[in-house]
Structure formats: C-alpha cells, structure tokens
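Reviewing the structure listed below.
The values are calculated or read from the model by the stated rules, or taken from the named source; none is laboratory data. Being a predicted model, the structure only gives us computed values, none of them experimental. Here the Cβ positions follow ideal geometry from the backbone for every residue, glycine too, while neighbour counts run over all protein chains shown. Just the protein is used for accessible areas: all its heavy atoms, side chains included, with ligands, DNA and RNA removed. Shrake-Rupley method; radii C 1.70, N 1.55, O 1.52, S 1.80 Å.
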Amino acid sequence: MTFAGKVALVTGASRGVGRGVASMLAAEGVRVVAAARTLTPEEAPRIGPDGTPLAGSLNETVAAIEKTGGKCLAVRCDL
C-alpha cells in the first residue's frame, strides 16, 4: 500500500507523537498539513518553576520534514 500523493492533517504536530506521525507520513510521500498552537519556538508554553520553554514548534517540524524532501504546511490553530 502506498500513501504517495495523499494529504494528511496531523494535529499536535509541533512536538511529541504528532511530530513523529507527521514525519513518518511525509517520509512515505504524504503531503502533511501540520496543525498545533505553537508556530515558533518563542511562542512555546513555559513550564516548570524556572519558566523553561517547552521544546518544539510547527516551524521546526516543517523544516525537518522539508530537509528530507517532504512536503509540509504549518497551520497554527487551537483544536
């Protein structure tokens, strides 16, 4: 079965499982629409008592996918 030429919407694609799914789909030739709340690293939620930013953003996901030849569009939204 091939997914080449298909389009997938992946929510939570700025980090974690969502980013992993987006990357795997792109590697299979799927055009990915990556959706999440965090577009840039500067917008990342702050966690912990020292205010450390949570790692990951849509722009980083898109860059990683495109670096390997995949197609990805970032959509900033709160689902």
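Is the stretch 45-65 home to any residue that is of a type in the set (Ser, Thr, Tyr), open to solvent by 30 Å² or more (accessible area, probe 1.4 Å) and under 21 Å from GLY5 (Cβ atoms)?
Taking every residue of the stretch 45-65 in turn, none turns out to be of a type in the set (Ser, Thr, Tyr), open to solvent by 30 Å² or more (accessible area, probe 1.4 Å) and under 21 Å from GLY5 (Cβ atoms).
Just checking, which of THR38, THR68 is open to solvent by less than 40 Å² (accessible area, probe 1.4 Å) and touching a helix residue (DSSP H, G or I) at 6+ places or on another chain (Cβ under 9 Å)?
One residue alone meets the criteria, THR38.
Do you know which of the residues in the stretch 9-20 that are among the hydrophobic types (A, V, I, L, M, F, W, C) and open to solvent by 60 Å² or more (accessible area, probe 1.4 Å) is farthest from PRO45 (Cα to Cα)?
Out of the qualifying residues, it is LEU9.
For the stretch 63-74, check the following and say yes or no: at least one residue is part of a loop (DSSP other than H, G, I, E, B), of a type in the set (Asp, Glu) and without any contact (Cβ under 8 Å) to a residue 40 or more places away in the chain.
So far as the stretch 63-74 goes, no, none of its residues is part of a loop (DSSP other than H, G, I, E, B), of a type in the set (Asp, Glu) and without any contact (Cβ under 8 Å) to a residue 40 or more places away in the chain.
On the given criteria, is ALA4 open to solvent by 30 Å² or more (accessible area, probe 1.4 Å), in a loop (DSSP other than H, G, I, E, B) and in contact with a Pro (Cβ under 9 Å, 6 or more places away or on another chain)?
no
So VAL30 passes all but one of these: (1) on the phi > 0 side of the Ramachandran plot; (2) in contact with a Phe, Trp or Tyr (Cβ under 8 Å, 6 or more places away or on another chain). Which condition number does it fail?
VAL30 satisfies all of (1) on the phi > 0 side of the Ramachandran plot; (2) in contact with a Phe, Trp or Tyr (Cβ under 8 Å, 6 or more places away or on another chain) except (1).
Out of ALA44, ALA26, I need the residue that is hydrophobic (A, V, I, L, M, F, W, C) and in contact with a Gly (Cβ under 6 Å, 6 or more places away or on another chain). Which one?
ALA26
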